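Reviewing the structure listed below.
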Amino acid sequence: MSMNRMSHFRPMAARQMAKFVRAYSSKEASLKDVFAAQIPEKQEQIKRLRKEHGNSSLGEVVLDQVYGGMRGIPALVWEGSVLDADEGIRFRGLTIPEICEKLPKAPGGSEPLPEGLFWLLLTGEIPTEGQVRALSSELYARSKLPEHVEDLLNHSPKHLHPMAQLSIAVNALESESEFAKAYEQGVNKKEYWQYTFEDSLDLIAKLPSIAARIYRNVFHDGVVASTDSSLDYSANFTKQLGFKNEEFTELMRLYLTIHSDHEGGNVSAHTTHLVGSALSSPYLSVAAGFNGLAGPLHGRANQEVLEWILKMRSEIGSEVTNEQIEKYLWDTLNSGRVVPGYGHAVLRKTDPRYTAQREFGLKHMPDYELFKLVSQIYQVAPKVLGANQKIKNPWPNVDAHSGVLLQYYGLKEQSYYTVLFAVARALGVLPQLIIDRAMGAPIERPKSFSTAKFAEKFGVKL
Ligand code: CMX
């Protein structure tokens, strides 16, 4: 560890705080300095809010919400993003088109750099180009994998799903946890966030190397290209995956940005937060979140969508009419399966993450057969799904589109797609874990009852 990094590990004395505040006002302040300078004010804001409204009601909880997967119960604090049912996600108050416009880009590029989004999620501020470049370099410097993690991946059976391999590798990084070591040495709880920050940056930095190793081992020759200090996070990632197309790197920048965060209640975000609330290290917390992301109703839907589309094409042929798509949709529903890529627990309109990917497709591959097929399904599916009253949202979500864009550039192995989602999701869940530790968030522990107890509460005899 460099002296520079070590210097952040001492208790935050007044003199040091003054240094952070000075650094914060500088255009070249580091992410850690900017965040550190914000902490006292954020703590104060929460203290005041709780003092004035600690006993104010947030509304009623009804029994159906408890049995219905806790839909709509306001029970979590999540600073990075808020999801509106009709409008979709806002990252620190900004829509997807707004972040695409405001976040720094790579030289000659037009898509946002995900490093910038990470900065925005943690601090609420748009970084300068210089700050993002410094963060890219810092991630590059932290990206090397420990040998035992490489070994684990190299010895994983190829038929083990890429998400299971990813989870194993992230759990194995626990050996590197600064947080776990500091906790063992009895660090003061006021300093938890600093070690969480270090682990978070290390984990984000190493994830592309893990993901690329899995991809190259399972689907190719096991050789992972070296990274380059002059490249940004996404460019190094696509290089490691073995791609040379700059347009694909642009897609990766957009992909990692828009898949990062989707407020706190989704399975991967909530799980990371929940496990983290027990003071498990960022590695163990994020690995747990990834296990949730691997489920077909959540992140694995991107794999399912591609399989569903390819199966339709193999059954019907490449020239598909709207009537044939409608029948295929009904067949899926009537066989008791879900239509992957459609529906959402919160959204009630087309997901703006779907729209952002569609716009990318219109710009770069308007005549690509699979892109056109996704557009055609969009014309038919909402009507079919909408005919079923119980489906609350007949519109497409983020996963309906991502796979065909990857197919176009030659990343055709759909069982790998959720790993890309996971690399992005780390950029969304880790800022909140750092914030949780800086704000002293408590261990999460909601109340549960048995059905017999609920019945007793309402005077029902079972
Ligand atoms: N196809 C078929 N049935 C669907 C459906 C779909 N796309 N979306 C919802 N339904 C069904 C539900 O399965 C549920 O049926 P039961 O009452 O028989 O259990 C009913 O409609 C009501 O569900 P809902 O309230 O509209 O949706 P939920 O909040 O329960 O579920 C989600 C949300 C995403 C799991 C669901 O829409 C779904 O399974 N979609 C397909 C999988 C998918 O695309 N997941 C990715 C979501 C985005 C992400 O996290 O990455």
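The values are calculated or read from the model by the stated rules, or taken from the named source; none is laboratory data. Bear in mind the structure is a predicted one, so any value in this text is a computation, not a measurement. Every residue, glycine among them, receives a Cβ derived from its backbone with ideal geometry; neighbour counts consider all protein chains shown. Remember, those area values only see protein heavy atoms, side chains included, never the ligands or the DNA or RNA. Shrake-Rupley method; radii C 1.70, N 1.55, O 1.52, S 1.80 Å.
Residues in the stretch 52-71 that are within 16 Å of the ligand (Cβ to nearest atom), open to solvent by 70 Å² or more (accessible area, probe 1.4 Å) and either part of a loop (DSSP other than H, G, I, E, B) or farther than 30 Å from residue 452 by Cβ (or both): how many?
Final tally of qualifying residues: 2.
Scan 349, 383 and give me the residue that is open to solvent by 60 Å² or more (accessible area, probe 1.4 Å), outside any helix (DSSP H, G or I) and within 16 Å of the ligand (Cβ to nearest atom).
Going through 349, 383 in turn, the sole match is 349.
For the subset of the stretch 17-67 comprising residues that are over 22 Å from residue 265 (Cα atoms) and among the aromatic types (Phe, Trp, Tyr), which member is modelled with the lowest pLDDT?
Applying the filter and picking the extreme gives 20.
Looking only at residues in the stretch 257-287 that are open to solvent by 10 Å² or more (accessible area, probe 1.4 Å) and part of a helix (DSSP H, G or I), which one is farthest from residue 77 (Cα to Cα)?
By that ranking, first place goes to 284.
Given the criterion over 19 Å from residue 406 (Cβ atoms) and within 13 Å of the ligand (Cβ to nearest atom), identify the matching residue among 333, 284.
333
How about the stretch 177-191: which of its residues are open to solvent by less than 100 Å² (accessible area, probe 1.4 Å) and in a helix (DSSP H, G or I)?
Selection gives 178, 179, 180, 181, 182, 191.
Taking the conditions exactly as written (in contact (Cβ under 8 Å) with a residue 40 or more places away in the chain and more than 9 Å from the ligand (Cβ to nearest atom)), does residue 340 satisfy them or not?
Against the criterion (in contact (Cβ under 8 Å) with a residue 40 or more places away in the chain and more than 9 Å from the ligand (Cβ to nearest atom)), residue 340 does not qualify.
Among the numbered conditions (1) touching a residue at least 40 places away in the same chain (Cβ under 8 Å); (2) assigned to a helix (DSSP H, G or I); (3) not hydroxyl-bearing (Ser, Thr, Tyr), tell me where residue 297 comes up short.
Unmet condition: (2).
For residue 417, indicate whether it is in contact (Cβ under 8 Å) with a residue 24 or more places away in the chain, of a type in the set (Ser, Thr, Tyr) and within 15 Å of the ligand (Cβ to nearest atom).
The answer is yes for residue 417.
Do you know which residues across the stretch 236-251 are outside any loop (DSSP other than H, G, I, E, B), over 24 Å from residue 199 (Cβ atoms) and of a type outside the set (D, E, K, R)?
238, 241, 248, 249, 251
Looking at the stretch 352-369, which of the residues that are in a loop (DSSP other than H, G, I, E, B) and open to solvent by 50 Å² or more (accessible area, probe 1.4 Å) is farthest from the ligand (Cβ to nearest atom)?
367
Quick one: would you say residue 215 is in a helix (DSSP H, G or I), within 16 Å of the ligand (Cβ to nearest atom) and over 30 Å from residue 440 (Cβ atoms)?
For residue 215, the condition - in a helix (DSSP H, G or I), within 16 Å of the ligand (Cβ to nearest atom) and over 30 Å from residue 440 (Cβ atoms) - is not met.
Restricting attention to the stretch 300-332, which residues are basic (Lys, Arg) and outside any helix (DSSP H, G or I)?
300 - this is the single residue of the stretch 300-332 that is basic (Lys, Arg) and outside any helix (DSSP H, G or I).
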